[in-house]
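Everything below concerns the one structure shown next.
The values are calculated or read from the model by the stated rules, or taken from the named source; none is laboratory data. Bear in mind the structure is a predicted one, so any value in this text is a computation, not a measurement. Ideal geometry is used to build each Cβ from the backbone, glycine not excepted, and the neighbour counts take in all protein chains shown.
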Amino acid sequence: MGRYLGPKCRICRRIGTKLFLKGPRCYTDKCALSRRPYAPGQHGRIRTKLSNYGLQLREKQKVKRMYGVLERQFRRYFRIAQRKKGVTGTVLLQLLERRLDNVVYQAGFATSRAQARQMVRHNWVYVNGKRVNIPSYLVREGDEISFKNDEKVKQHLKDYKQLNKKRPVPLWLMVDEDKNTVKIVRLPEREDMPADIKEQMIVELYSK
């Protein structure tokens, strides 16, 4: 699957909010959005009023960039959410939160979702004792995630945990730092997900 290889800070400046794509750097004064809080490009300082469609499109782009998902896969998640019981927008976010790369990131074992994706692809991650190298794998309630039993891997995990001390672990995850494991206590609820996401806009966009 293709992926975005351009400058990540440019995305945050275009969207107008921090997406924490560069890990610890986003929490420091070096953050590009903190230094230049306007859109990139020659006309970035000019404020333009977006239409309703423009606002919906930007919200979709924000969520796609945040979770590192491209359009085709994101649309597939939306179709799955439509078929499931419950509020479509909430179910959509729940599917994204349940991705294996996101769980590794949220548990604090990676400094960014991109790094967590790389860890999964490099065969570092196990689910219920079985190696899983698919970042989009959806975890279930009761699953236990562990990591490769290797001294180099353990040292990396320890370093990443140190860098992520300021970031709280969601309540739907139970992390054992001594054993380097993550237990899925329950499925994520709306209050466990980013509060600044307006998922209803995405539903309205795809429902046209």
**OP:** Name, by its number, the condition in (1) surrounded by fewer than 20 Cβ atoms within 10 Å (Cβ to Cβ); (2) at pLDDT 90 or above that does not hold for LEU92.
**Re:** (1)
Original post:
What residue, among those in the stretch 174-208 that are over 27 Å from ARG79 (Cβ atoms) and in contact with a helix residue (DSSP H, G or I) (Cβ under 8 Å, 6 or more places away or on another chain), is surrounded by the fewest Cβ atoms within 10 Å (Cβ to Cβ)?
Top reply: GLU177
Subject >> Matching residues, the stretch 152-208, being in contact with a strand residue (DSSP E or B) (Cβ under 9 Å, 6 or more places away or on another chain) and of a type in the set (Phe, Trp, Tyr) >> reply: TRP172
**OP:** Scan the stretch 132-150 for residues that are over 16 Å from MET119 (Cβ atoms) and not small (Gly, Ala, Ser) and report the count.
**Re:** 5
**OP:** Might you let me know whether the stretch 134-144 holds any residue that is out of contact with any helix residue (DSSP H, G or I) (no Cβ under 6 Å at 6 or more places or on another chain), at pLDDT below 90, of a type in the set (Gly, Ala, Ser) and within 21 Å of TYR77 (Cβ to Cβ)?
**Re:** no
**OP:** Name the single residue, out of those in the stretch 79-135 being assigned to a loop (DSSP other than H, G, I, E, B), without any contact (Cβ under 8 Å) to a residue 24 or more places away in the chain and within 20 Å of LYS183 (Cβ to Cβ), that is nearest to the chain's Cα centre (by Cα).
**Re:** ASN128
Original post:
Mind checking which residues of the stretch 136-154 are under 13 Å from VAL182 (Cβ atoms) and crowded, with 16+ Cβ neighbours inside 10 Å?
Top reply: VAL139, ASP143, GLU144, ILE145, SER146, PHE147
Original post:
In the stretch 54-78, how many residues are within 17 Å of ASN102 (Cα to Cα) and in contact (Cβ under 8 Å) with a residue 24 or more places away in the chain?
Top reply: 9
**OP:** Identify all residues within the stretch 155-171 that are surrounded by 14 or more Cβ atoms within 10 Å (Cβ to Cβ) and of a type in the set (S, T, N, Q); write none if there are none.
**Re:** ASN164
Original post:
Which numbered condition trips up GLY142, out of (1) part of a strand (DSSP E or B); (2) at positive phi?
Top reply: (1)
